[in-house]
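*Asks:* Mind looking over this structure? Questions follow.
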Amino acid sequence: MHKRNLRIVYMGTPDFAVLPLRKIVEAGYPVVGVVTNPDKPAGRGQQMQESAVKKYAREAGLKILQPEKFRDEEFLKELADLKADLQLVVAFKMLPEVVWNMPPLGTVNLHASLLPDYRGAAPINRAVMNGETCSGVTTFLLKHEIDTGNIIFQEKVKIGEEMTAGELHDELMEKGADLLLKTVRAMEGGDYPLTDQVGLLRGREAIHAPKIFKEDMKICWAGELETIYNHIRGLSPFPGAWTELQAIGMDGGVLTLKIFKAVKIQQSHNRSAGEICTDGKTFFDVYVKGGVICVQELQLSGKKRMQVKDFLRGFRLKDYQLIC
């Protein structure tokens, strides 16, 4: 099948899904429809906001579908009428079988991990939080169980010791866009591998990457140096690791503080976990098991993100203690 006749429906919502779509379009493949989340109110003014994928699709003149429910009969008819040969899914919702089993070539998902590990909603954050040194991207065919379908291609990416989740996100986005295009070309030619994930596990359990909730983001200062450091960079810049500062005194108020960047120093000491050390002007250090976390960039609730020196210029940290 010539690529100009390979009809594709693309499904995605966030920034991560924009570059793969752009590369598919620029390679000459006809994207006959783009499925993305409905517009929703956001920001202080609660203005209706379009998804990143919708913005690109509109600029590219692509047909856009924004179903509230995937089993809606009107949506299913509109999707079927597009007569797609292949569907591509990147950073999108779970789909019912009636949707992913519709095109003759099936539905390919681009996932931001080296499957079978880190199945789930937060593979990038979880990999960094867990201190992994390697991640990657995977294309696979969708089936019933989430992120378990037969693998087509994979591409590895090294996770540097200081790399944040945001930096890994950007690298995986680039690699993933190229891998998805490679996958489409292989499927167009009818020559592509399909690897069962069960065989790759070799009897062990897969590592999972569940959705991150607010309590998952809280820093536990009683933990080990490496664990706390990975926690901070694994949640930076989004959704952000957070902690609480309490004013010293009987009725001291509590403030929420997000930490986006820190440096770890291995060091023996006899200080209490979570104890603050600062000169009130240039540094904000926290003693933990095995060393010190040196806070570099942070954001006080209701304020903007800033360097620690700027923060200390307007905040008397010596009057506060961390809630561990």
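The values are calculated or read from the model by the stated rules, or taken from the named source; none is laboratory data. Please read these numbers as outputs of a predicted model, since none were measured by experiment. Please note: Cβ atoms are built from the backbone with ideal geometry, for glycine as well, and neighbour counts cover all protein chains shown. Please note that ligands, DNA and RNA were not included when accessible areas were found on the heavy atoms of the full protein model with its side chains. Shrake-Rupley method; radii C 1.70, N 1.55, O 1.52, S 1.80 Å.
*Asks:* Ignoring ligands, DNA and RNA, please state the percent of accessible area on segment 193-324 from carbon and sulfur, probe 1.4 Å. Don't skip to the answer; put the middle values down first.
*Replies:* Working: 3900 of 7550 Å².
The C+S portion of the solvent-accessible surface of segment 193-324 is 52 percent.
*Asks:* To the nearest 10 square angstrom, what accessible area does L300 show with a 1.4 Å probe?
*Replies:* For L300, the solvent-accessible surface is approximately 30 Å².
*Asks:* Moving on. Return, ordered by residue number, the residues of segment 156-183 whose backbone nitrogen is under 11 Å from a label point located 7 Å along Cα→Cβ of F238.
*Replies:* Residues passing the 11 Å test: 166.
*Asks:* Find the lysine pairs in segment 53-97 meeting two conditions, Cα atoms under 16 Å apart and a separation of 8 or more places or different chains, and report how many there are.
*Replies:* Numbers: K54/K63; K54/K93; K55/K63; K63/K77; K63/K83; K69/K77; K69/K93.
Total qualifying Lys-Lys pairs in segment 53-97 comes to 7.
*Asks:* Considering only protein heavy atoms, with the full assembly of protein chains and a 1.4 angstrom probe, order L62, L235 by accessible area, largest first. Intermediate values should be presented prior to the final figure.
*Replies:* Details: L62 30, L235 0 Å².
I get L62, L235, largest accessible area first.
*Asks:* Residues of the chain: accessible area per residue at 1.4 Å, in Å²? Could you put the intermediate results ahead of the total?
*Replies:* Working: 16640 Å² over 324 residues.
For the chain, the solvent-accessible area averages 51 Å² per residue.
*Asks:* Out of E73, E188, E244, any idea which swings most in a Gaussian network model of the chain, alpha carbons joined below 10 Å?
*Replies:* Maximum among the listed residues: E73.
*Asks:* Pick from T13, T278, T164: which residue has the top mean-square fluctuation in a GNM of the chain where Cα pairs under 10 Å get a spring?
*Replies:* T278
*Asks:* By its C-alpha gyration tensor, with a ≥ b ≥ c as the square roots of the eigenvalues, how is segment 37-154 shaped: rounded for a/c under 1.5, else prolate for a/b larger than b/c, else oblate? Don't jump to the answer; show the numbers that get you there.
*Replies:* Numbers: a/c = 2.07, a/b = 1.20, b/c = 1.73.
In terms of gyration-tensor shape, oblate.
*Asks:* Now, a different point. From the helices alone, meaning DSSP H stretches of at least four residues, give me the mean residue ellipticity at 222 nm for the chain, per-run term -39500 (n - 2.57), in deg cm²/dmol to the nearest 500.
*Replies:* On the way: 10 runs with 87 residues, N = 324.
Only helices count here, giving -7500 deg cm²/dmol.
*Asks:* Continuing with the same structure: Report the full-extension gain for the segment L194 to A247: residue separation times 0.36 nm, less the Cα-Cα distance, to one decimal in nm.
*Replies:* Working: separation 53, 0.36 × 53 = 19.08 nm, distance 5.82 nm.
Full extension from L194 to A247 adds 13.3 nm.
*Asks:* Please work out how much accessible surface K289 shows to a 1.4 Å probe, ignoring ligands, DNA and RNA, in Å² rounded to 10.
*Replies:* Near enough 110 Å² of accessible area.
*Asks:* Considering Cα pairs under 8 angstrom that are at least six residues apart, work out the relative contact order of segment 220-297 and quote it in whole percent. Don't jump to the answer; show the numbers that get you there.
*Replies:* Working: 144 pairs, mean separation 24.8, N = 78.
That works out to 32 percent.
*Asks:* Which distance in Å, rounded to a whole number, links the C-alpha centroids of segment 45-106 and segment 196-253?
*Replies:* 32
*Asks:* Given the protein chains as shown and a 1.4 Å probe, how many square angstrom of D196 are accessible, to the nearest 10?
*Replies:* The value for D196 is about 80 Å².
*Asks:* Sticking with this one: I want to check the label-to-label distance for R22 and K303. Put each point 7 Å from Cα in the C-beta direction and report it in nm to one decimal.
*Replies:* In this crude label model, R22 to K303 measures out at 3.5 nm.
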